[in-house]
Amino acid sequence: MTRCAVLGAGSWGTALADLLARQGHDVALWAYEAEVVEQIRSERINGPFLPGCPLHQAIRPLTDSCEAVDHADLVVSAPPSHAARVVLGQIQGAVDRGALLVSATKGLEPDTLRRMSQVAGELLPEMPFIALSGPSFAREVYERQPTAVVAASRVPGASQAVQRIFSNRGFRVYANEDVIGTELAGALKNVIAIAAGILDGLGLGHNPRAALVTRGLAEITRLGLAQGAAPSTFAGLAGMGDLVLTAYGGLSRNRTLGVAIGKGSDLETYRTGTRSVAEGVNTTRAALALAAPDGVELPIAEKVAEVLFERKDARVAVKELMERTLKTEQWG
């Protein structure tokens, strides 16, 4: 049995806490929202973020993150990317520095453009870092539907340890050493998922989405290679796998936002009506800022930014993408 702490009780953090508890591990789940902790404690339900999913009795919901990580062998960090620094900073003096730190956050820190491994490296440098990513809707993981993900770490043996702790008949974990590529693929696919949702909202068909996903993957790969990632990562679960899921799956928060935009809503209106976080919004800006110093072209991300933040007509954005200067197809 492994003593585990999950920081962040959104849908993904809650599903991972339930998975670990079903594995027989001791699991503490920290939530920012006191009402979420109380509901899990009294009803074994996380109504706001994973409704209709009774949670394992062994999960201990807590409002104190330091209490959650006390004596933990493994810490899962699952807050939104903009909150990760604060959450990890809170546990600096409380966590065992030899414990494994598994990041389940798919995003970049908005202000600094840092990946979660870089944020963790500043705050908790002695903790072995593992990025957990891949095509994995929280509800389907909770439902025990067959799921395959990647655990990426540069620390010898760390990915393999995560494999052993998380894997079961319904949840298969592959090991990888490419932390940069795994993190960037998981973050950047959300931008393309917003674009895919916009196409759906516009009522466009299969041809446009196939072109978008293919060229979107090339765009993600291009930026990843400029940052030092391995090209093979983008053809795997963290890259193509997660991109296909979020671009086509109805449970994708980023795609759902895109659908609303394509149907005529705007970003602020959408945000006021939903509690969930679409990581692709902040990642769109972060990706463009990350690409600029190296001159990496991200035409899809540029148009998504114009639609989201400048209220450009989505049909005009599609038209402009199709009318770009003709090029030779290049991968990455």
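A short reminder: the numbers here are calculations on the coordinates, not readings from a lab. No experiment lies behind these values; they were computed from the predicted model shown. Glycine gets a Cβ as well: all are built from the backbone with ideal geometry, and neighbour counts include every protein chain shown.
Any idea what % of Cα-Cα pairs in region 202-332 are farther than 19 Å? That tail contains 52 percent of the Cα-Cα pairs.
Residues of the chain were split at every exposed loop site, defined as GluC sites (Glu not before Pro) in a DSSP loop with at most 16 other C-beta atoms within 10 angstrom, and the longest piece left, sites excluded, is 178-296. Give, as ranges by residue number, the residues of region 161-181 whose backbone N falls under 13 Å from the point 7 Å along Cα→Cβ of A230. Hits in region 161-181 for A230 at 13 Å: 174-181. As a quick test, which of the pairs K263/K312; K263/K319; K263/K327 have an alpha carbon distance above 20 angstrom in this structure? Among K263/K312; K263/K319; K263/K327, the Cα-Cα distance tops 20 Å for K263/K327. Taking the fewest neighbouring Cβ atoms within 10 Å as the starting point, the ordered list for C53, C66 is C66, C53.
Rounded to a whole number of µm²/s, how large is the Stokes-Einstein D of the chain at 37 °C and 0.692 mPa s, given Rh as the Kirkwood radius over C-alpha pairs? Value of D from the Cα-based Kirkwood radius: 164 µm²/s. The HN-Hα couplings worked out from phi for region 280-293 by the Karplus form 6.51 cos²θ - 1.76 cosθ + 1.60 (θ = phi - 60°) are x, 5, 5, 5, 4, 5, 5, 4, 5, 5, 5, 6, 4, x Hz, whole numbers, x standing for Gly and Pro.
With kT/(6 pi eta Rh) evaluated at 25 °C and eta = 0.890 mPa s, and Rh the Kirkwood radius from Cα pairs, region 3-177 diffuses with a coefficient of 155 µm²/s according to Stokes-Einstein.
Separation of region 178-195 and region 230-291, taken as the distance between their Cα centroids, equals 9 angstrom. Near the amide H of K312, within less than 5 Å, lie the amide hydrogens of V307, all on another chain or at least 5 residues away, with H placed in the peptide plane. Look at the dipole of the chain built from charges on Cβ: of Q57, V277, L199, the Cα furthest out on the positive end belongs to L199. So which trypsin sites (Lys or Arg not before Pro) in region 67-140 pass both tests, a DSSP loop state and at most 15 other Cβ atoms within 10 Å of the Cβ? Counting only loop positions with at most 15 other Cβ atoms within 10 Å, the trypsin sites (Lys or Arg not before Pro) in region 67-140 are R97.
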